[in-house]
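Just below is one structure, and these are the notes that go with it.
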Amino acid sequence: MKTIPLRTEISPEKKWNLGHIFANTQRWEQNFTRAKEAVAALSALPGTLSVSAAGLLKGLDQLHEASELCEKLYVYAHMLRDEDNSDSTAQALADRSETLMVELGAASAFCNPEILTIIPETLALWQNSESGLDKYRQTLREVAAQREHTLTPPEEKLLAQTHEMAAVPKTAFTLLETLDLDFPSIEVEGEQIQLSHARYAQLLENSDRAVRQNAYETYYATFARHRNTIAALYAGSVKNDCFYAKARRHTSALAASLHHDLVPETVYNSLISAVEQALPAMHRYIALKGRVLGVEPRMFDLYVPLCQDYGPITYEEARELVQAACQPLGSDYNTVLKSAFDQGWIDVEETKNKTTGAYSWGCYSSHPYVLLNHRDQLDSAFTLAHEMGHAMHSFLAHSNNPYPCAHYRILVAEVASIVNELLLLNYLIDSSTKKEQKAYLLNHFCDSVRSTVYRQTMFASFEKQTHAQAEAGEALTHDWLCETYAALNAKFQGFASDHQIALEWARIPHFYNAFYVYKYATGFSAAAAIVEAIRAEGEPAVERYLNFLSVGGSMDALESLKIAGVDLTSPEPVARCLGAFGEKLGALEGMV
């Protein structure tokens, strides 16, 4: 029976090197002591920020120095735990870092309310007279935008102290998903294969429909055994969102989340509307899948490629493809990209108790890191391209901005990752000489739009409904969640949902970070526009794009995208992306 390897069985070259953050846990402990002292010292700051420009600068510097150190501790501890979620030492460090972040939040809770006591005209004079405040210009602008949603200092401190409790649903779900779910083995080609999250995704692409169905039903049967617990955890997470929104005098949890990025609700709602209007093309694509496979499609059929696969692609081959695809972005970009592959940025292999999926993360004072669970398939090459896009965005943002304005907003976080995916797709299409390969890549594009634009918008609609249900005082029971999700799924896929897919909400980690997923859809649309411009214009479009990556958090997210030539307040980027989906679907229909 194939089992998931232990971390000790993986070669060092395929592990990230967290020593670039802290050499070891002893250094973490030393810095943890420093951070505790820095947080405690913040108690002397209340009342000093609003006295003078010098006092404001000194206080903000002290606050951000403490924040940077606490963030570094938090990132290291959580990434160490992600290597092996059963490691009790890493669990303890992560728990302590979370407590430290809560303490930091409580100690700094006075900051925004005190800044808001400064008369706007006076604050403007201070900013003009004290050049040291330049790095806080965007911070101060964002604080001003939160004026009507900022509470009194005692209220802010109390609210900050609730965050550790509020993290329980997400933490409990993560532990349940990564450690406590006991997936059985299933038979594949006469061999027993232990199911995992990564292997489930792989088995859904199996050409044998019986294997797909068995994996699908077995996987969801495992979640079904915990459905009431997971429903309670998700309901708790939604109630957290609603509580904080109400406490800060927002009209809804959705409004609160969008206001944090200074995004109007029309962007969210128009995305859902535009995608729902384009559902006929999605139904056409799923019908094509059914015709090619010779079946009435079910959910476990949707991930099977319509065309012959590329065959195995090793991690080393994926590296070469990503580097070749990113050549249009210039030599400076590609020099850093090569360093990332060679200098311990990336954790490659799936191992026992490792966090599932993939992400890019890190802290300001170190290079970014990338977690993968690589499989020798083309999809993993696209995942590598995706996460390296995130990493390069963070690298350029951190390299070109001081800490207070280095962190770009989540709204634009998916743009760079999808630009890299589309660059890889175009590179493969341009270099393919066989009809079957081109058809496979067209299918990949259509599947990408299905999963990133259509599917994430369906998730966004589900989140909007669950939060509205809670805000109306209604219960988020397991039955209601399943019924609501099944109805949405049927609407988006164009065929009746089965009882297994009605449980899909129970396995989506992003739902514990509410109103995030819509950004995948808007990000894909923005990225498609950027790549189209790079292909059409060359160097000028590349320069605009790299300038956008270098902005970091020094300006509003929507405004930063305009540097790259994309306006998400207009319906044009989403409409053009969905139009491209229809065009490529038409080409695919002519090939299969």
* To do: Give the relative contact order (percent, whole number) for the chain; include only Cα pairs under 8 Å separated by 6+ residues.
  => 18
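Could you work out how much longer the chain between Glu483 and Glu205 gets when fully extended? Use 0.36 nm per residue separation minus the Cα distance between them, nm to one decimal.
Using 0.36 nm per residue and subtracting the Cα-Cα distance, I get 97.4 nm.
What FRET efficiency do you get for Thr117 and Glu189 if R0 is 41 Å and r is their Cβ-Cβ distance, rounded to the nearest 0.05?
In this case the efficiency is close to 0.05.
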* Quote the charge dipole size of the chain about the Cα centre in Debye, to the nearest 20; the model charges only the Cβ of Lys and Arg (+1) and of Asp and Glu (-1). => 440
* Count charges around Ser270 for me, please; just the other residues with Cβ under 12 Å from its Cβ, Lys/Arg as +1, Asp/Glu as -1. => -3
* Tell me the label-point distance for the pair Glu539, Ser88, using the 7 Å Cα-to-Cβ offset, in nm and rounded to one decimal. => 6.2
* To do: Would you list which lysines come within 28 Å of Lys435, measuring only between C-alpha atoms, while excluding same-chain residues fewer than 8 positions from it?
  => Lys289, Lys584
* Asked: Using the Kirkwood radius built from alpha carbon pairs, what does the Stokes-Einstein equation give as D for region 285-340 at 25 °C and 0.890 mPa s, in µm² per second?
  -> 172
* Structure fact -> Quick shape check on region 201-265: root eigenvalues a ≥ b ≥ c of the Cα gyration tensor, a/c under 1.5 is rounded, otherwise prolate if a/b tops b/c, else oblate, and it reads oblate
* To do: With a cut-off of 19 Å, note down the residues of region 355-379 whose backbone N falls inside the zone around a label point 7 Å from the Cα of Gln30 toward its beta carbon.
  => 365-366
* Structure fact -> Along principal axes, largest first, the alpha-carbon spread of region 86-216 in whole Å comes out as 76, 32, 26
* Take every DSSP beta bridge whose two residues both sit in the chain, then give the antiparallel share in percent to the nearest 5. => 70
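Which value, in debye to the nearest 20, gives the size of the charge dipole of region 14-166 about its Cα centre, when Lys and Arg are +1 and Asp and Glu are -1 at the Cβ? List each step's numbers first, then the result.
Details: 14 positive and 22 negative charges, 67 e Å.
Approximately 320 debye in magnitude.
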* Structure fact -> Dividing the surface of the Cα convex hull of region 469-563 by four yields a projected area in nm² of 9.3
* If you take the beta carbon distance between Ala144 and Glu474 as r and set R0 to 45 Å, what does 1/(1 + (r/R0)^6) give as a FRET efficiency, to the nearest 0.05? -> 0.80
* To do: Report relative contact order for region 14-166 in percent, whole number only (criteria: Cα-Cα under 8 Å, sequence separation at least 6).
  => 26
* To do: Multiply the residue separation of Ile563 and Gln323 by 0.36 nm, subtract the distance between their alpha-carbon atoms, and state the gained length in nm to one decimal.
  => 83.9 nm
* Asked: Between Glu217 and Arg291, what length comes free when the chain is fully extended (0.36 nm per residue of separation minus the Cα-Cα distance, one decimal in nm)?
  -> 24.3 nm
* Provide, for q = 0.17 Å⁻¹, the log10 of I(q)/I(0) from a solvent-free Debye sum over equal Cα point scatterers in region 14-166. => -0.99
* Asked: Is region 59-120 rounded, prolate or oblate when judged by the Cα gyration tensor, a ≥ b ≥ c being the square roots of its eigenvalues, rounded requiring a/c under 1.5 and prolate requiring a/b larger than b/c?
  -> prolate
* Structure fact -> Summing -39500 (n - 2.57) over every DSSP H run of at least 4 residues in the chain and dividing by its residue count gives a helix-only mean residue ellipticity at 222 nm, to the nearest 500 deg cm²/dmol, of -19500 deg cm²/dmol
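Past the 20 Å Cα-Cα mark, which pairs from Lys338/Lys519; Lys239/Lys354; Lys519/Lys562; Lys36/Lys157; Lys135/Lys157; Lys135/Lys246?
Table pairs above 20 Å Cα-Cα are Lys338/Lys519; Lys239/Lys354; Lys135/Lys157; Lys135/Lys246.
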* Structure fact -> From the Cα centre of region 529-592 to that of region 444-519, the distance in Å is 26
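Computed from the coordinates by the stated procedures, all read-outs in this text should not be read as laboratory data. The structure displayed is predicted, hence computed values, not measured ones. Every residue, glycine as well, gets a Cβ built from its backbone with ideal geometry; the counts of neighbours run over all protein chains shown.
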